[in-house]
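To start, the structure itself, in structure tokens.
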Amino acid sequence: MKLDIITIFPRMIDAGLAEGVVGRARTAGLLDIGVHNLRDFTTDKHHVVDDVPFGGGPGMVMKPEPFFAAMTWIREHRGAPEAVILLTPAGGRFTQDGARRLAAFRHVVLLCGRYEGIDERVREALATEELSIGDYVLSGGEVPALAVVDAVARLVPGVVGDDQSVEADSFTRGLLDYPHYTRPAEFEGRQVPDVLLSGHHAEIRRWRRETALRRTVERRPDLLAGATLDADEREWLKRSKS
Ligand code: 4GX
């Protein structure tokens, strides 16, 4: 999969994509990620990327021309992307379903804004969609872009070594994860649940499904509407309601 990110802070993106499964997938050639410094696409001596807002008001607005020049460079040197995403609190919420949708594309471009925002003509003429990672105000689109790339990349076949670990993920099943334990079996007086030490694999599976479901009911009941439950799980859910 090919990804291109346009930003005034390319080192933030480089650092965030150098480690872990994404870093390894880049080295292995599974992900082709281009990081582009917006200032490289300015034509003035001081590489200015922002200007005062028409109509007045506080803060600065990102100029359109460097974004248009960067997109022209990308189309010429990297090919025509299937999606150009602007990260903004005004976008639709980025979810696991959204990550799956984007992971099916071969080439995606992410546009990172700073300051009060980006000239509206960038959104109109360049962006094919706008995404938000949540209802809070960040200082720029770089952290959202890293979140989107990370969530999408780990769905690309081969990026996460073990397919089963993507399968097991919370949200792949539409439920929260079950609790995980490793050695020692007792730590500061806290015991690992006996069933996990029992070697009874059918019982372990059952405990995990039931615990995941109970946690979801308690913490994120909103997720249940989109979860795929088997007959046992529907029965546990009915009992948990009474
Ligand atoms: N999920 N921000 C973007 C600047 C900006 C504003 C408007 C383009 C248009 C955010 C979020 C987020 C803050 C990133 C404002 N750029 N982005 N930035 N939450 O808060 O995506």
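The values are calculated or read from the model by the stated rules, or taken from the named source; none is laboratory data. The structure presented is a predicted model; accordingly, all values stated were derived computationally and were not measured. All Cβ positions, even for glycine, are placed from backbone atoms using ideal geometry, and neighbour counts span all protein chains on display. Note: accessible area is taken over every heavy atom of the protein model, side chains too, but ligands, DNA and RNA are not part of it. Shrake-Rupley method; radii C 1.70, N 1.55, O 1.52, S 1.80 Å.
Annotations
- Counting only protein heavy atoms and a 1.4 Å probe, the chain has 59 square angstrom of accessible area per residue.
- Computed lengthening from residue 165 to residue 96, 0.36 nm per intervening residue step minus Cα-Cα distance: 23.3 nm
- Spin-label proximity, residue 115 to region 7-50 - amide N less than 12 Å from point 7 Å beyond Cα toward beta carbon: 48-50
- Heavy-atom accessible surface of the chain: percent carbon and sulfur, 1.4 Å: 51
- Value of D in µm² per second that Stokes-Einstein yields for region 52-114, Kirkwood Rh from Cα pairs, at 4 °C (1.567 mPa s): 93
- Measuring between their Cα centroids, region 137-174 and region 219-242 lie 25 Å from each other.
- C-alpha long axis of helix 231-241 to longest principal axis of the chain, angle in °: 90
- Beta bridges by DSSP in the chain, antiparallel share as percent, to the nearest 5: 20
- Sequence ranges 228-240, 88-100, ranked by mean other-Cβ count within 10 angstrom, highest first: 88-100, 228-240
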